[in-house]
Structure formats: structure tokens, C-alpha cells
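Please read the structure below before turning to the comments.
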Amino acid sequence: MRVVYDRDACEGHNRCYLLAPEVFDVDDEGYAILRIEGEVPPELEDKARLAADNCPEYAITIEA
Ligand code: SF4
């Protein structure tokens, strides 16, 4: 599984960081930073999905 993050769509709510801090960080302007480029470790897949499902701007997508 891979996470794709769309910086242009992100509005900086930081829900992703709150739900999955192992997967997302926050930059100085409050926008998300994807911490995991490439394959997501299996133990973080549920959190990555949770973050994607809860992003109000649909800025996070999951690729199988
Ligand atoms: S939840 Fe979505 S809109 Fe909010 S910071 Fe994360 S990626 Fe951006």
C-alpha cells in the first residue's frame, strides 16, 4: 500500500497528523507532510486509511 498526498488540495486541518502521526507530519505553515514515501509498513496501514477517510479535502488517497 502507498499513500498519495495532494499538497494543492490540503487545507491544513491536521486531522491526518492527529490520527496517524507516524504517517503524517505538519510543516511550518500547518500543512501536512507525508512522512512515508513508498510502501507503508503493514502495521501502519489502518492508520493511513483512517487518515485518508477523515481528510475533509480528499487530499489523501490510498493506492493498493
Ligand atoms: S487532513 Fe487533509 S486537509 Fe487536513 S492537513 Fe491532512 S491532508 Fe491536509
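Run lengths n ≥ 4 of DSSP H only: what is the helix-derived mean residue ellipticity at 222 nm for the chain, with -39500 (n - 2.57) per run over all residues, to the nearest 500?
Numbers: 2 runs with 15 residues, N = 64.
Using -39500 (n - 2.57) per qualifying helix, the result is -6000 deg cm²/dmol.
Among DSSP beta bridges lying fully in the chain, give the percent that are antiparallel, nearest 5.
Percentage antiparallel, nearest 5: 100.
Please give me, ordered by residue number, the chymotrypsin sites (Phe, Trp or Tyr not before Pro) of the chain that lie in loop per DSSP and have at most 14 other Cβ atoms within 10 Å.
The qualifying sites are TYR58.
Given +1 on the Cβ of Lys and Arg, -1 on the Cβ of Asp and Glu, and no further charges, what dipole in debye does the chain carry about its Cα centre, rounded to the nearest 20?
Numbers: 6 positive and 16 negative charges, 34 e Å.
The dipole of the chain has a size of about 160 debye.
For every other residue with a beta carbon closer than 14 angstrom to the beta carbon of ALA48, add +1 if it is Lys or Arg and -1 if Asp or Glu, then tell me the sum.
My count for the surroundings of ALA48 gives -4.
Going through the chain, which trypsin sites (Lys or Arg not before Pro) have at most 11 other Cβ atoms within 10 Å and a DSSP loop state?
Counting only loop positions with at most 11 other Cβ atoms within 10 Å, the trypsin sites (Lys or Arg not before Pro) in the chain are ARG7.
Grab the alpha carbons of region 2-63, take their convex hull, and tell me the volume per residue in Å³.
Values: hull volume 4.3 nm³, N = 62.
Cα convex hull per residue, to the nearest whole number: 69 Å³.
Treating the angle as unsigned and between 0 and 90°, give the value, to the nearest 10°, between the Cα long axis of helix 45-54 and the longest Cα principal axis of the chain.
So the helix axis and the longest Cα principal axis differ by about 30 degrees.
Which ordering of CYS16, CYS55 is given by a fewest-first count of other beta-carbon atoms within 10 Å?
CYS55, CYS16
In sequence order, what are the phi-derived ³J(HN,Hα) couplings for region 34-44 according to the Karplus relation 6.51 cos²θ - 1.76 cosθ + 1.60 with θ = phi - 60°, rounded to whole Hz, with x for glycine and proline?
7, 8, 10, 8, x, 5, 7, x, x, 6, 10
Along Cα→Cβ, 7 Å out, is where each label goes; now give me the distance between the ones at ASN14 and GLU39 in nm to one decimal.
Label at ASN14, label at GLU39, 3.3 nm between them.
Just grab the label-to-label distance for MET1 and THR61, each label 7 Å out from Cα along the Cβ direction, in nm (one decimal).
Using points 7 Å along Cα→Cβ, the separation is 1.7 nm.
Where a number appears in this text, it was derived from the coordinates with a stated rule and is not lab data. Just so we're clear, the structure is a prediction, and the values are computed from it rather than from any experiment. Neighbour counts are summed over all protein chains in view; Cβ atoms, including those assigned to glycine, are modelled from backbone coordinates with ideal geometry.
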